[in-house]
Amino acid sequence: MNVDVRVADDPARAAAELLVEAAGHVALSGGSTPGRTYELAARLRLDWSKAHVWFGDERAVAPSDERSNYRLARTTLFDALSRPPEAHRIKGELGAEEAAALYEVELKGITLDLALNGIGPDGHTASLFPGSPALDERERRAVAAEPGLEPFVPRVTLTPPVFAQARVLIYLVTGEDKAEAVRRAFAEEPTGEVPASLIRGVETIAILDAAAAAHL
Ligand code: 6PG
């Protein structure tokens, strides 16, 4: 469960550089942190036609909705590329249960080469919130989940075994409001109260700014 913790002057760029090196199956996240990473990644590599892009989680909304993680990736990354990747969208507009069931089928046989995750101030990652039953899921690859924080819409999330098989899992976390969650995720015993403390890839890299790393 070792984590390679890197404190970077420009975490978005450090994450973008790892993202563009990844080939194959890549899972992206949403939230407010990764947009700049996606913009930089588009500038660093214009041809993503060999990549398959998945989503670590999604909100049960239409792809045009401002809260859609797909929309974030489309507007910051896909639309800026000469050759976009094959995007495997979670169809949130169908409702969380149906979207999760469809994603489960689509994910069959897929091993992620890279997953880019964030951490919320409550320690959640993807849509695995503190105390969530999804943390105990061992069979299914995608499940419906309840939100623990804004936006309060039902979610679909990848499950712990999918992240555990990911060749590289990157946590990109910035800001002092995340410092305590970062400490609990990387410097304390794993617990379901801090989902990010449980979620690790085959290799796990945490890219932090100094503020997020302040309590380590
Ligand atoms: C989501 C995300 C989520 C995110 C964290 C951090 O859909 O909400 O995938 O897990 O990574 O909440 O989000 P911020 O970058 O907004 O702090």
To the nearest Å, what is the center-to-center distance of the range 1-71 and the range 80-116, using C-alpha atoms only? 13
With unit charges on the beta carbon (Lys/Arg positive, Asp/Glu negative), name the residue among 75, 34, 216 whose Cα is farthest towards the positive pole of the charge dipole of the chain. 75
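Note down the relative contact order for the chain as a percent, whole number, built from C-alpha pairs under 8 angstrom at least six residues apart.
In percent, rounded to a whole number, it is 25.
Averaged per residue, what accessible surface does the chain expose to a 1.4 Å probe, in Å²? Kindly include the intermediate steps, with their values, before the conclusion.
Details: 9530 Å² over 216 residues.
I get 44 Å² per residue for the chain.
Could you work out what % of the accessible surface of the chain is carbon and sulfur, using a 1.4 angstrom probe and leaving DNA, RNA and ligands out of the count?
Working: 4590 of 9530 Å².
Looking at the chain in its full context, I get 48 percent from C and S.
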Largest fluctuation, 125, 33, 157 only, Gaussian network model of the chain with Cα springs under 10 angstrom, belongs to 33
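As a test of reading the structure, rank 112, 44 by solvent-accessible area (1.4 Å probe, protein chains only), most first. Kindly include the intermediate steps, with their values, before the conclusion.
Values: 112 0, 44 80 Å².
Largest accessible area first, the list is 44, 112.
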Probe radius 1.4 Å, ligands and nucleic acids left out: which of 32, 49, 64, 197 has the largest accessible area, and how do the rest follow? 32, 64, 49, 197
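Quote the charge dipole size of the range 77-184 about the Cα centre in Debye, to the nearest 20; the model charges only the Cβ of Lys and Arg (+1) and of Asp and Glu (-1). List each step's numbers first, then the result.
Details: 12 positive and 17 negative charges, 78 e Å.
For this selection, approximately 380 debye.
The values are calculated or read from the model by the stated rules, or taken from the named source; none is laboratory data. Because the structure is a prediction, the values reported are computed rather than measured. Heads up, the Cβs are rebuilt from the backbone with ideal geometry, glycines too, and the neighbour counts pull from every protein chain shown. Accessible surface areas use protein heavy atoms only, side chains included; no ligands, DNA or RNA. Shrake-Rupley method; radii C 1.70, N 1.55, O 1.52, S 1.80 Å.
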